[in-house]
Amino acid sequence: MIDPIVNRYMERLNLDRILSLHIAGKGNVPAKEMLLLLLRNIVIEREPVYGIQEWVSQIYPSLLGLTDGSMALVNDDRIGRSLDALFSADRA
């Protein structure tokens, strides 16, 4: 399960702001939200990217920084596009 301690560390690191500065926030669910979700998954569960959608469905959206509506939009393709956006931001 999501540990509030992980969320607290992510807040203190200001990752949301840092990603917002470097990655465009377009689409139904911004790339930064998917990247933060992926980071939470890596730290807590280490679920493969194709299994994150199922993992997300078992957790309260607020603990993941998502809304009910955006939870339904989480999938491996969207996470992959977010990783592409991160790669492109590094090259700018």
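Within the set of pairs 6+ apart or on separate chains, which have a first residue in the stretch 47-59 that is within 14 Å of residue 35 (Cα to Cα), a second that is among the acidic types (Asp, Glu) and at pLDDT below 90, and C-beta atoms under 9 Å apart?
Close Cβ pairs satisfying both conditions: 52/45.
If I filter the stretch 60-85 down to residues being surrounded by fewer than 18 Cβ atoms within 10 Å (Cβ to Cβ) and aliphatic (A, V, I, L, M), which single residue comes out as nearest to residue 25 (Cα to Cα)?
Restricting to residues being surrounded by fewer than 18 Cβ atoms within 10 Å (Cβ to Cβ) and aliphatic (A, V, I, L, M), the top hit is 83.
Tally time: how many residues in the stretch 45-59 are in a helix (DSSP H, G or I) and on the phi > 0 side of the Ramachandran plot?
0
Would you please list the contacts, defined by Cβ atoms under 7 Å and residues six or more apart or on different chains, that run from a residue in the stretch 1-20 that is under 11 Å from residue 44 (Cα atoms) to a residue that is surrounded by 11 or more Cβ atoms within 10 Å (Cβ to Cβ) and among the basic types (Lys, Arg)?
2/40; 6/40
If you go through the stretch 11-37, how many residues are surrounded by fewer than 18 Cβ atoms within 10 Å (Cβ to Cβ), within 18 Å of residue 83 (Cα to Cα) and hydrophobic (A, V, I, L, M, F, W, C)?
The qualifying residues number 4.
When residue 86 is evaluated against the numbered criteria (1) of a type outside the set (Phe, Trp, Tyr); (2) part of a helix (DSSP H, G or I); (3) over 13 Å from the mean Cα position of the chain (by Cα); (4) more than 24 Å from residue 5 (Cβ to Cβ), which criterion, by number, is the only one it fails?
With respect to (1) of a type outside the set (Phe, Trp, Tyr); (2) part of a helix (DSSP H, G or I); (3) over 13 Å from the mean Cα position of the chain (by Cα); (4) more than 24 Å from residue 5 (Cβ to Cβ), residue 86 is out only on (3).
Which one of the conditions (1) under 19 Å from residue 3 (Cβ atoms); (2) within 11 Å of the chain's Cα centre (by Cα); (3) not in a loop (DSSP other than H, G, I, E, B) does residue 62 fail to meet, given that it meets all the rest?
Only one criterion in (1) under 19 Å from residue 3 (Cβ atoms); (2) within 11 Å of the chain's Cα centre (by Cα); (3) not in a loop (DSSP other than H, G, I, E, B) is unmet by residue 62, namely (2).
Return yes or no: is residue 50 out of contact with any strand residue (DSSP E or B) (no Cβ under 7 Å at 6 or more places or on another chain) and either surrounded by 13 or more Cβ atoms within 10 Å (Cβ to Cβ) or at pLDDT 90 or above (or both)?
Yes: the conditions hold for residue 50.
May I ask you to verify whether residue 79 is farther than 24 Å from residue 22 by Cα and touching a residue at least 40 places away in the same chain (Cβ under 8 Å)?
no
The values are calculated or read from the model by the stated rules, or taken from the named source; none is laboratory data. Predicted, not measured: the structure shown is a model, and the values here were computed from it. No Cβ is skipped: glycine too gets one built from the backbone with ideal geometry, and neighbour counts run over all protein chains shown.
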